[in-house]
Amino acid sequence: MSAPHEASVFAVAGTASAGRPVGAVRATVLCYRVLLRQIVSAGRLWALGALGAAMILVGWVVGNAAEDGTDGLVDPLLTGASYADGFGLILIVPIVSLVFAAAALGDARDDGTLVYLWLRPIGRAPLALGAACAAVTVALPLCVAPTVAGGWLATDFVAGSGAVALGALAAAALGAVAYSCVFVLLGLLFRKAVLWGIAYVLLWEGLAVGLGDFAERLSLRGYARAVLARIADVDLGFTTYGLVAAIFVLASVSALSLVLATVRLGRLDVD
């Protein structure tokens, strides 16, 4: 981290009095502001924005190809939902969430700036929540916009395409929140969290889910895909649970990850 940026982080952290406990809400806002500055960089935004733009472009190509087809056997709604699932939920959402969430506390710990927050009378739960909120703030538009636009374009705007877009929006948003919470925890557990996260996304979320219903039940993507399938009213396979159950699981995983991150922060030595 550059010296000016480090100084600005310290200045924000120093706004809380060192002598008095900081309330939970104020502490969360403080941590959010500090960590949001920490994770946002032009390089990350450009690279991940370009990935999202590529998804939108390919979705437009897929939609035009479906329009030009002559066999009449292709369901445009299934094509759009499958594209939102196969490109958005399997690649864009987890990768974008990983990059920002793993860095939220992982980078601050590695470069020594986390100690600035450690010196404040701040609880560990607000720090974990602030980190997750910072990651979600940046990741959410970069996940939702390409997943929704790509899936919608791939339907070629046929009747019912709005439901596909709505399902993609809900699935991408819920998935981004859940992945961000999980990867905040991952950033505290491993030094090279991005590498571990990529391995998890590619080997488990990408491959194991295709093995059947049991594997899907152990995958965040499986529940996000269920949200998409139920709202869009399409059959994406292996979605044997309902919309409410899928949302409940994603929310529960998010909450549990933050609790574990709080516990990990309480046991972490920072110098």
Output ordering of 224-237, 128-141 (per-residue mean of other Cβ within 10 Å, highest first) is 128-141, 224-237
Can you work out the Karplus-derived ³J(HN,Hα) for every residue in the stretch 167-176? Use 6.51 cos²θ - 1.76 cosθ + 1.60 with θ = phi - 60°, whole Hz, and x for glycine or proline. x, 5, 4, 5, 5, 5, 5, 5, x, 4
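Just so you know, all these numbers are worked out from the coordinates, no wet-lab data involved. Note that the coordinates shown come from a computational prediction; the quantities given were computed from them, not determined experimentally. Neighbour counts run over all protein chains shown; Cβ positions are idealised from the backbone, glycine included.
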